[in-house]
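Reviewing the structure listed below.
The values are calculated or read from the model by the stated rules, or taken from the named source; none is laboratory data. Everything numeric here is computed off the predicted structure, so don't read it as measured data. Here the Cβ is made from the backbone with ideal geometry for all residues, glycine too, and neighbour counts use every protein chain on show. The protein model used for the area step is the full one, side chains on, heavy atoms only, and it has no ligands, DNA or RNA in it. Shrake-Rupley method; radii C 1.70, N 1.55, O 1.52, S 1.80 Å.
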Amino acid sequence: MFCSGRSDVSSRELSRQLAFTRRDFLRSAAGVALGSALLSSGLAARTGIPAKKRKVVVITFGGGARDQETFAPEGQENIPHMMRELIPQASFFTQVVNRGILGHYVATASLATGVYETFNNFAAVPPQHPTAFEYFRKDLKRPSTDAWVVAPSNGFNRIGESNYRSYGPGLGARVILPKHLLAAANNGGGADYEHLLRDNYETPYFTPELGGGEFELQQLEMLLKLSVDDFKKHALTLSSPDELSVYIARQLMHQLAPSLLWITMHDIDIAHAGTYSLYVEGIRRTDRLCGELWKSIQSEPEYAGNTNVFILPDFGRDADEDSGGNGFQHHRTGDALSRTTWMLAMGPGVREGLVFDQALQSTDLVPTIGSILGFSAAYAQGKPIAELV
Ligand SMILES: [Zn+2]
């Protein structure tokens, strides 16, 4: 008991140190100021945007990246859009600790429910607690077109709605799996598209059963006004699965303008294959795509001026010095580096150019979104982030 207590204290201390270092990197490079714990004045009240018009876009900076390839001085060249365009307009939280299971599906589902989910990461199962999408749609009586997930991996097909009693089927988000759509458009393959169809970097042979609220190929034309031929033609111009996801997310914003949109990036996770240059290329691409999405949001009339954007990783990656891991390649040790992530919040009511270093948890996201959109995340473990609500 004594030992586990001590290691808990030391990992908390490590997380704190990591956050302080990250804060100092940003203060010197992005010119942001240290935020103080101001009294909350109510984001919704401050902005004066009617509840019905408010929108939230969540982007998971997927796969997990370490500070030495991102916020540290030697990594900043990999994230120019975040450093120069996004962070100066954001409130940046340097210490978002994930205390859950470090597998991508279960961790992303935990971000979406506000509860550390405990199901098997490699099973085609729904989250066990209500998702933000269910709270949003049920509390606010929103239609199914108003909440969407664009997910990178076919293993995420059940993320849109839980199996929680009184929530669940029919009340969650529609899920688009762009790779699955592309494979279907090509009858299962096609050498021209191989680079867009890579999936599940951790266990390449995992092929989940699809089902749930999944978006089918036939709906492409009906809902997104995109013919299968145009979709295939455009896909040929794209370089990665995340670019394909962003393309689909833009179509969604333009055609359906959902109020709650969740985009999960995953290119960085190619790190599992062990090639450092591909991992860094993934970070650079994710940075660029985050910048592009923010620009798209500013140029879509339904979104401009009334959308809060959250960018955060599901978790980090192992430290070089941890003998149980293999540096950037995996996230299997559960060390402080792989658990201590960050979050960037932007949009109306968010104080710009500030960095906050108090400890938050991954489970605080859903209650925070609830405060902005006006739903109550009744079963979430986290709590709204005071600086944002
Ligand atoms: Zn991974």
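Looking only at segment 26-36, which residues are open to solvent by 40 Å² or more (accessible area, probe 1.4 Å) and assigned to a loop (DSSP other than H, G, I, E, B)?
G31, S36
Within segment 5-25, identify whether any single residue is farther than 30 Å from I159 by Cβ, open to solvent by 70 Å² or more (accessible area, probe 1.4 Å), over 20 Å from the mean Cα position of the chain (by Cα) and modelled with pLDDT under 85, and answer yes or no.
Yes.
Restricting to helices (runs of 4 or more DSSP H) lying wholly in segment 96-202: which have 3 or more residues that are away from the ligand (no atom under 16 Å from the Cβ) and either under 16 Å from L373 (Cβ atoms) or open to solvent by less than 20 Å² (accessible area, probe 1.4 Å) (or both)?
Here the list reads 132-140, 178-185.
Taking the options L344, L365, name whichever one is under 24 Å from K138 (Cβ atoms), open to solvent by less than 10 Å² (accessible area, probe 1.4 Å) and not in a loop (DSSP other than H, G, I, E, B).
L365 is the lone residue from the list that is under 24 Å from K138 (Cβ atoms), open to solvent by less than 10 Å² (accessible area, probe 1.4 Å) and not in a loop (DSSP other than H, G, I, E, B).
Report, by residue number, each residue of segment 49-92 that is within 16 Å of the ligand (Cβ to nearest atom) and closer than 30 Å to L140 by Cα.
Within segment 49-92, T60, F61, G62 meet the criteria.
Of (1) more than 16 Å from the ligand (Cβ to nearest atom); (2) open to solvent by 60 Å² or more (accessible area, probe 1.4 Å), A273 satisfies all except one. Which?
(1)
For segment 248-270, enumerate the residues that are farther than 20 Å from E161 by Cα, touching a helix residue (DSSP H, G or I) at 6+ places or on another chain (Cβ under 8 Å) and open to solvent by 30 Å² or more (accessible area, probe 1.4 Å).
Residues satisfying the conditions are R250, Q251, Q255.
Can you pull out the residues in segment 349-360 that are more than 12 Å from L86 (Cα to Cα), open to solvent by 10 Å² or more (accessible area, probe 1.4 Å) and in contact with a strand residue (DSSP E or B) (Cβ under 7 Å, 6 or more places away or on another chain)?
So the first thing to find is which residues in segment 349-360 are more than 12 Å from L86 (Cα to Cα), and the list is 349-351, 355-360.
Restricting the remaining residues to those that are open to solvent by 10 Å² or more (accessible area, probe 1.4 Å) gives 349-351, 357-360.
Hits for segment 349-360 are V350, R351, D357, Q358, A359, L360.
Go through segment 55-94 residue by residue and tally those that are open to solvent by 10 Å² or more (accessible area, probe 1.4 Å), under 18 Å from G353 (Cα atoms) and not aliphatic (A, V, I, L, M).
Qualifying residue count, segment 55-94: 7.
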